[in-house]
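Only one structure is covered here, and it is reproduced in the block below.
Here, each number is a calculation from the coordinates, and none is a lab measurement. All values derive from a computational prediction rather than experimental measurement. Here the Cβ positions follow ideal geometry from the backbone for every residue, glycine too, while neighbour counts run over all protein chains shown.
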Amino acid sequence: MSPLTFSIIRQSTQLSAARRGTVVMTSSASSSSVADNDATRKDKRVIETPGCFMYSVKGSVPHLTPDTLRLQGFGGVNVSIEQLLQDHQPTGLDKWPFTLSKFLNLQDLILLCDIRDSSSFTKVPFNTDRVVSMISNKGVRRLTLEDYLKVVRAYHPDIVSAFTDSISDTKEPGQKRVRKSVERSLKWLDQSTTLPWTDVGLFAHVQGAQFDQERVRSAQETAKRTGVDGYIIDTNALPGSRDDILKMLKISVDHLPKDKPRLVYGMQAPEDVLQSIALGADLFDTSYPFLLTEDGKASLFSFGSVAAPTSTSTTASIGTATASLQATSISNNAANNRWINLWDDEHSDKFVPIMEGCECYACKGGRHTRAYINHLLKAHEMLATVLLMSHNMHQYSKFFANIRQSIASGTFDQLSQQFREQFGTEPQRIPGEIHEQQRIVEASLSKRNRLDSSEGSAATSGEATPVVSDPAELEALKEARKVEKAQRAQEKKLRQMVNKKEKRLQKLKERELLEQQKMGDSKA
């Protein structure tokens, strides 16, 4: 019997398919022995839906300490195996003395384990009938179903995703490739559901890419499988506009059972979350507040109120910032009322909280101001991202709490429309683009690190920096340094050429190995 139960508390009485419920993970007596007799592991752990699994990087929720993490109001954490798996593993995992929850100190939360990172689309080589490709610390790694099951048995998470063929080598695959993806995923799901899972919930991925017929087939066939506790729909790799992606999501959701939770990846911005919930989605991740924090942004949006809880000074500061931030595209993107960018110089003398009335760790009691966080960012102090993440996660948690309340009160549709009218849509985030101030700080740090490195090398070799006063000697010294620099550049170029040749040879070997595997599979 599965330890995971999903209960629908309230179904929307309006036009949308929004529903409020709970995902409950129950730890039985038998699981206590498996979990290293962990006394801190709760018998029941709950995620209220619509809700979120906290997004993690290598098993850690970014920028949050264990105590601030538990202030956020989210009941679960999503961990990706491609980030966590060590190079020598799964070898040696049979010697693990405890579960992954214990290892990560997350015993009081529901832990979900998936193969790939849920926050974005990362291109990797194609999968085969035997292996799934993923990104590791040392490049692309290929994982077999057998190795995956070894990892899952050792980690013993609360929920595990079924081994699946998610298309990651292109965003616009052909229909033949998509059909193969659906068939492989169903085959691997069948192999997974026949295993004697002990106190672990199983979530299955729904495939189909951009082809409606394949999305329907994948959803219907996956729904027929017994032993599946929930479903994952990854929209990160889907092509087209946001409206196109929402239509594809609706096709999948419409053909899934209503009595099991649906976890959606890729719908991160608040308005996308609202539309997904209206289609019947239950669970998401917190990659949106993480991405805001990485950009130095702080949330101002709210759900269920006529206006965001900002003071007169806050509104004035936003208007002032909007008028003067036309130099860069990042600053132009900040000209909205859903968040502010604290890298902007406008906030260097704003001695007010990020958001008036906010009860997060950063804002409560006015203990940290916008000016202070602006200073921390420019000083490259990690406390800046700790405070920003604490605020952004708190606001995202409050956003979902208000959504659940609106479903209970029957006002979800009206408040969703009101939110779109008030806050519009999320400005497009261009990967790799950063604020000009952030670019200056990072360039300065890079230069300082290079200088420290060169000084350290000179100190290690016993060379002293010469003090020269004679102009002729100074000119000769400069010329010698130029020659030395040219020699180092030439050596670097030669090393790069050698590395390229080695990589080319490695790729040829990998290609030969894949061809041999394909030949072996076809013969079999």
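Give the long-range amide H neighbours of Gly59: residues separated by 5 or more places, or on another chain, with amide H under 5 Å away, using H modelled in the peptide plane at 1.01 Å from N.
Here the answer is Ser80, since their amide H atoms fall under 5 Å of that of Gly59.
Around Arg116, with a cut-off of 11 angstrom between Cβ atoms, what is the net charge of the other residues, counting Lys and Arg +1 and Asp and Glu -1?
With Lys, Arg at +1 and Asp, Glu at -1, the net is -4.
Considering Cα pairs under 8 angstrom that are at least six residues apart, work out the relative contact order of the range 68-227 and quote it in whole percent.
Over the range 68-227, the number comes to 20 percent.
Excluding residues fewer than 8 places away in the same chain, name every one of the aspartates and glutamates whose C-alpha is closer than 15 Å to that of Lys503.
Within the straight-line cut-off, Lys503 pairs with Glu512.
Using the structure shown, select from Lys224/Lys398; Lys102/Lys507; Lys102/Lys138; Lys260/Lys297 the pairs with a Cα to Cα distance greater than 31 angstrom.
Correct reply: Lys224/Lys398; Lys102/Lys507; Lys260/Lys297.
Which far-off residues, 5 or more places away or on another chain, put their amide H under 5 Å from the one on Val160, with H placed in the peptide plane?
Result for Val160 returns Cys113, Gly201, Leu202, Phe203.
How would the range 103-230 be classified by its alpha-carbon gyration tensor: rounded, prolate or oblate, with rounded meaning a/c under 1.5 and the a/b versus b/c comparison settling the rest?
Note, shape of the range 103-230 comes out oblate.
Spelling out what I want: for every residue of the range 209-217, take phi, set θ = phi - 60°, compute 6.51 cos²θ - 1.76 cosθ + 1.60 (Karplus), and round to whole Hz; glycine and proline get x.
Using θ = phi - 60°, the values come out as 6, 8, 9, 4, 4, 6, 5, 5, 4 Hz.
Given 20 °C and 1.002 mPa s, how large is the Stokes-Einstein diffusion coefficient of the range 1-155 in µm²/s, with Rh as the Kirkwood radius over Cα pairs?
Translational D for this selection: 123 µm²/s.
Which ³J(HN,Hα) values in Hz, rounded to whole numbers, follow from the phi angles of the range 378-392 under the Karplus curve 6.51 cos²θ - 1.76 cosθ + 1.60, where θ = phi - 60° and Gly and Pro get x?
Values, residue by residue: 6, 8, 6, 8, 5, 4, 4, 6, 4, 5, 5, 5, 4, 5, 5 Hz.
Give a residue-ordered list of calculated ³J(HN,Hα) values for the range 59-64 (Karplus: 6.51 cos²θ - 1.76 cosθ + 1.60, θ = phi - 60°; whole Hz; x for Gly, Pro).
Karplus values, whole Hz, x for Gly and Pro: x, 10, 5, x, 6, 10.
Determine which lysines satisfy two conditions relative to Lys478: a Cα distance under 29 Å, and not lying fewer than 8 residues away in the same chain.
Here the lysines satisfying the reach criterion relative to Lys478 are Lys447, Lys492, Lys493.
List the chymotrypsin sites (Phe, Trp or Tyr not before Pro) within the range 71-132 that DSSP assigns to loop and that have no more than 12 neighbouring Cβ atoms inside 10 Å.
Sites meeting the loop and neighbour criteria: none at all.
Tell me which residues come under 5 Å, amide H to amide H, from Ala209 once H is placed; ignore anything under 5 positions away on its chain.
Counting only residues 5 or more places away or on other chains, the set is empty.
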